[in-house]
Amino acid sequence: MADEDLKFARGDLASVMAAHSHVAEWVRDFENKYGSRPIYYGPLDRDAKKQRPLNLIYITKEPVFVHIYEPPADEDGGGQVLWFGLEPQLNEEEENIRRDLVETLLQEAPTAPTFTTDSEFETILGQMIDRYTILDSEANIGTRRRGRMWEMIGLEDKRVVVSEAQRDRLRYIIVRDLIKNGPLETLLSDEMLEDIHSVGLKHIHMDHKVFEMVTSNIRFRERDILARYLRSMSERIGRPVSDNNPIIDGALLDGSRINIIFSDDVSMLGPSFTIRKFAEETISITQLIQWGTMSSQVAAYIWLCLEYGMSVLVSGETASGKTTTLNAILPFIDHNVKIYSAEDTPEVKVSHKIWQRLVTRTSKNEDSSVEMFDLLKAALRSRPRYIIIGEIRGVEGATAFQAMQTGHPVIATFHASSIVKMIQRFTGDPINVPIRFFDNLNFAIFQEVTETNGNLVRRITGVDEVIGYNKHSDGVLTRGMFEWDPIKDKHYFRGMFQSHLLENKIAAQAGFANKRDVYDEMLRRASALDRMVDRNLTHYDDVFGLLNIYYNSGWETFDKAVDSWVSQKDR
């Protein structure tokens, strides 16, 4: 949460209302209708779930706020948690001004400065809005002289007089619609939302990190408007949707994943879409340790494996946090090597200096399409240290195993809840990896979403090593290294003095004369990670920076840096 979001103290709803007229208007209308006033909670945390009655407002990204309300059982909507997005609104006069401003901005766009990022575009757009509006407090000062100046620079009849509050509202709405996500901006600005579900013209539902399933006040009222919006969004992400191509997957500007089902004859209740939100800041490995997703020993084991070129699959059910874990473990790879990623939807985030990032391309012309299989074939000629596949779904899985066979370590996500099911899926249709090739994979991480102490949490439930193919049983030998105890919510290392990877593959590469010394090395790394967690070094850039010291200056320098590092949050 940015510092500016903390300027309103918890409980000080009056200050929020004074600063934001749209919040004040909403609160007054709500109070008149329901007879109760919400409290201002500030930035949301998991303790908000204990609030009773559940009637609170929290900030997402100023000027956007959210009102959470659980109606009593005897009221309309009782039994569900309601989510109201509060953002600046335009009245009819301001809407007319907005249309004229947008038309002027589009006319002037060819002569505007060039930009390369959305933030640069937003700055330029803000400057243009300021140029074509004048505050009412200034409008009567030197009118005659100003009029001549406008004529000289060609702005006669193009500037409109507005109040400062009106200019702020106009700027928000224009930037929201031209650069950001239009009517979905309030949803996408809320970091507490995980999945957004829109079906036809129904109210949009969301999976909330604190309140679980919530119902929003946002819906599309006409199918034509919904269809135009989805066409526009799909074009912006480079994957146009149509009746001939009704199902697409893509990534929004903030990295969130979107699936659109467009055609009415496919989606019977009207065009629908699902957005899987990702945190704007990449989650670090120490953050996952702090949350209990994994232990420091699990992380240290993964660190050793990735440093020494082991292939791994992060596996689990939908929404179990596979991609988050995959991104969190990537800084464990040597920072001086090349990484190659191949994805259908860009979700992998790599901070290494040499990163070749490729995505598939769909086209009506088959010769112009670029499939995952094509990207993986190209990877084998690109000589990377690691090949990262966002998600293995089909026949590209066989190519991934071929890459492992040729000495290219692979990291990928996969849908399977156990090592047995993983092997079954890989060796069956449509992937069809011969079972004797399966020992090219070194280990697998299994993750799931579960309930602990009344909260939904994500946990690594097991880590399994692949030892080898047994021709006598025509099966794959595996061994569990870590397991999670759901009662104690604790991870246990079951692989002490039993790890095939640590003793027979990594110890020799690491130069240990006694191969069992590798366990001491794992515990040393776990201790360093614990110290980082204790010092609240959970920002992704902090973790990457410290590991960069390790890979460029060695253990001793890294070890000292852990104790002296100034957190990104404190800089």
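The values are calculated or read from the model by the stated rules, or taken from the named source; none is laboratory data. Owing to the predicted nature of the structure, the values given are computational and were not obtained by experimental measurement. Note that we place each Cβ from the backbone using ideal geometry, even for glycine, and neighbour counts take in every protein chain shown. The accessibility values were calculated without ligands, DNA or RNA, using every heavy atom of the protein model including side chains. Shrake-Rupley method; radii C 1.70, N 1.55, O 1.52, S 1.80 Å.
Is there a residue in the stretch 517-535 that is without any contact (Cβ under 8 Å) to a residue 60 or more places away in the chain and either among the β-branched types (V, I, T) or on the phi > 0 side of the Ramachandran plot (or both)?
The answer is no, given that none of the residues of the stretch 517-535 is without any contact (Cβ under 8 Å) to a residue 60 or more places away in the chain and either among the β-branched types (V, I, T) or on the phi > 0 side of the Ramachandran plot (or both).
Just need a number here: residues in the stretch 99-121 that are open to solvent by 70 Å² or more (accessible area, probe 1.4 Å) and part of a helix (DSSP H, G or I).
Residues that pass the stated criteria total 10.
Say whether the condition of being within 14 Å of A299 (Cβ to Cβ), more than 26 Å from the chain's Cα centre (by Cα) and among the acidic types (D, E) is met by at least one residue in the stretch 518-526.
Yes.
Determine which member of the set V359, V370 is closer than 30 Å to V543 by Cβ and of a type in the set (A, V, I, L, M, F, W, C).
Matching residue, one of V359, V370: V359.
Do we find that D47 is surrounded by fewer than 18 Cβ atoms within 10 Å (Cβ to Cβ), within 25 Å of the chain's Cα centre (by Cα) and over 16 Å from V214 (Cα atoms) in this structure?
Yes: the conditions hold for D47.
Can you confirm whether K471 is without any contact (Cβ under 8 Å) to a residue 12 or more places away in the chain and not small (G, A, S)?
no
Please enumerate the residues belonging to the stretch 456-483 that are at pLDDT 95 or above, over 16 Å from F437 (Cβ atoms) and hydrophobic (A, V, I, L, M, F, W, C).
Those that are at pLDDT 95 or above, over 16 Å from F437 (Cβ atoms) and hydrophobic (A, V, I, L, M, F, W, C): I460, V463, M481, F482.
Quick one: how many residues across the stretch 284-331 are over 24 Å from H415 (Cβ atoms), hydrophobic (A, V, I, L, M, F, W, C) and open to solvent by less than 10 Å² (accessible area, probe 1.4 Å)?
3
Take the residues of the stretch 208-219 that are under 16 Å from G454 (Cα atoms) and assigned to a strand (DSSP E or B): which is least open to solvent (accessible area, probe 1.4 Å)?
Top of the filtered list is H208.
List every residue pair whose Cβ atoms lie under 9 Å apart, where the two residues are 6 or more positions apart in sequence or sit on different chains, the first residue falls within the stretch 27-47 and is closer than 13 Å to Y69 by Cα, and the second residue, located anywhere, is charged (D, E, K, R) and outside any loop (DSSP other than H, G, I, E, B).
R37/E31; P38/E31
For the subset of the stretch 376-396 comprising residues that are open to solvent by less than 20 Å² (accessible area, probe 1.4 Å) and at pLDDT 90 or above, which member is nearest to E317 (Cα to Cα)?
Per the criteria, the residue is I392.
Only one residue in L90, L56 is modelled with pLDDT of 90 or more and within 28 Å of the chain's Cα centre (by Cα). Which one?
Among L90, L56, only L56 is modelled with pLDDT of 90 or more and within 28 Å of the chain's Cα centre (by Cα).
Across the stretch 341-361, what is the number of residues that are within 20 Å of S315 (Cα to Cα), in a strand (DSSP E or B) and not charged (D, E, K, R)?
2
Can you name the residue in the stretch 400-424 that is open to solvent by less than 10 Å² (accessible area, probe 1.4 Å) and over 27 Å from the mean Cα position of the chain (by Cα) and is also nearest to L380 (Cα to Cα) among such residues?
Step by step, filter the stretch 400-424, then rank; the result is A403.
Considering (1) surrounded by fewer than 21 Cβ atoms within 10 Å (Cβ to Cβ); (2) under 15 Å from the mean Cα position of the chain (by Cα); (3) among the charged types (D, E, K, R), say which one D264 fails and leave the rest.
(2) is the only condition that D264 fails.
Look through the stretch 342-370, keep the residues that are open to solvent by less than 60 Å² (accessible area, probe 1.4 Å) and among the acidic types (D, E), and return whichever of them is nearest to G250 (Cα to Cα).
Step by step, filter the stretch 342-370, then rank; the result is D344.
Going by the conditions given, is A18 aliphatic (A, V, I, L, M), open to solvent by 70 Å² or more (accessible area, probe 1.4 Å) and within 29 Å of I134 (Cβ to Cβ)?
yes
Conditions first: (1) under 30 Å from F220 (Cα atoms); (2) at pLDDT below 90. L187 passes all but one, so which condition is the exception?
(2)
Of (1) of a type in the set (S, T, Y); (2) touching a strand residue (DSSP E or B) at 6+ places or on another chain (Cβ under 6 Å); (3) modelled with pLDDT of 90 or more, T133 satisfies all except one. Which?
(3)
For the stretch 475-514, give me the residue count where each residue is among the hydrophobic types (A, V, I, L, M, F, W, C) and surrounded by 17 or more Cβ atoms within 10 Å (Cβ to Cβ).
10
Please work out which one of (1) open to solvent by 10 Å² or more (accessible area, probe 1.4 Å); (2) touching a helix residue (DSSP H, G or I) at 6+ places or on another chain (Cβ under 9 Å) is the condition L529 fails and give its number.
The one condition L529 does not meet is (1).
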